[in-house]
Every structure is written in structure tokens, then in C-alpha cells.
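Undergrad: Have a look at this one.
Readers should treat all values here as calculations from the given coordinates under stated rules, not as data from a laboratory. These figures come from a predicted structure and were not determined experimentally. Heads up, the Cβs are rebuilt from the backbone with ideal geometry, glycines too, and the neighbour counts pull from every protein chain shown.
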Amino acid sequence: MKKLSFLFIALFFAFSFSANAQLYGGATLGLQAPMGDFADAANMGIGVNLTGKYMFNENMAVGLNLGYNRFGGEDFNFGDGDYEVSYSMVPITGLFEFHFGGETIKPYVGADLGLYNFGARVKYSGETESDSEMYFGLAPVAGILYDLNESLKLCANIKLHNVFAEGESLTWFGINAGVVIPFN
């Protein structure tokens, strides 16, 4: 996991120093709502996402995402004590976006595709047990960019994450907002 994070950061900085205003970096923060079977075990969560993307023309972008999403779980009590459960999801994905026209306001649609590290943690009687697995996932996205000025854009999006775990799908819906910065 640390190697993948380092690779993402290295690629992001390598592109930012070799390209002009076609390279963008950004970050979003948002509420994450589990759906389906995942909602039976996990509660509403919060997520942060870092993005680096390259606009290879006015309407299309490709890039990389690195995120962290944390969800609470149902706490329960067995005869031997209280158990606190939480879940995390770390997406490491490539992205493709299609941007529609507009000078100041630019809607877009796209998809993220890649690896998701799913983790579960249980705390009980002063002990902590955790486990994680890597799965493949896909996340369609629809959003909007708003140009504040040449060096700062606001963004908002909705994203439906579908992680294909063994025998089931872990699905959640994110509502995110943040900033995008063009690198000159």
C-alpha cells in the first residue's frame, strides 16, 4: 500500500513539473452513504480524495485518484464486553472525465476504475483486531467545476462506488465538494 501511495505522489509531481496549465490537482471532502448489503453493516461515513488529472484537450481528462473513506459500524455487546466496529476503504484508481462546454461553469461525467483496499476493525476489551483485502472497483461520477479565477476552481460531484468483493458488492454513494488548482 505504501508503495502505491508513493508511486501516485511521484507521478503526480513528475507531471506537474513537466506540463503547463493542462495539469490539475485537487482535493474533495464529502459524506459517504453505504448502500445495499454494505448499509446493513456500515453507517454513514466521511471521505477525502486527492486527484491529479491531465486535460489532453478542452473536453477530456485522464488522471489518478487516491482516497480514504471511513465508515462507522454497528456496535454490539456480547456477554464478554462491548464491541466497536468500523470500516475503511482506500481507492487507488485511474479516472476518465468528459467535460461539457461552458466558460465559468463546466459540468462533467466520468468514471474511476481501479483498486480498493477494504479494511475492517473491531475493538473489544482493550484489544483491537483488524483485517484488510484488496478488491477491484468502478465508480461512475457526475460533477461540476466552477472557475473562481485562473488559479482556483471549486468542484462538486456525486460518485457511486461499486467494489466487487468476493461473492458480494460493497456499494456506497458519495456527495463531495472541494477545490481544483491548475498548475502553470
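Undergrad: With the Cα gyration tensor of segment 122-184 giving a ≥ b ≥ c as the square roots of its eigenvalues, does the rule (a/c under 1.5 for rounded; else a/b larger than b/c for prolate; else oblate) give rounded, prolate or oblate?
TA: prolate
Undergrad: Express in whole angstrom the spacing between the alpha-carbon centres of segment 100-118 and segment 25-96.
TA: Comparing the Cα centres of segment 100-118 and segment 25-96, I get a distance of 16 Å.
Undergrad: May I ask for the Kirkwood hydrodynamic radius of segment 56-156, worked out over all distinct Cα pairs and given in angstroms to one decimal?
TA: It is 16.4 Å.
Undergrad: Continuing with the same structure: Label-point separation (nm) for Met134 and Ala41, each offset 7 Å from Cα along Cα-to-Cβ?
TA: Taking the simple label geometry, Met134 and Ala41 are separated by 2.0 nm.
Undergrad: A further question follows. FRET efficiency for Leu29 and Ser125, Cβ-Cβ distance as r, R0 = 41 Å, nearest 0.05?
TA: So, using R0 = 41 Å, E works out to roughly 0.75.
Undergrad: Now for a different question. List, in order, the whole-Hz ³J(HN,Hα) value for each residue of segment 66-72 obtained from phi through the Karplus relation with A = 6.51, B = -1.76, C = 1.60 and θ = phi - 60°; use x for Gly and Pro.
TA: Values, residue by residue: 9, x, 9, 10, 10, 10, x Hz.
Undergrad: So which aspartates and glutamates pass the test for Lys53, namely a Cα distance under 16 Å, with those fewer than 8 places away in the same chain ruled out?
TA: Glu97, Asp112
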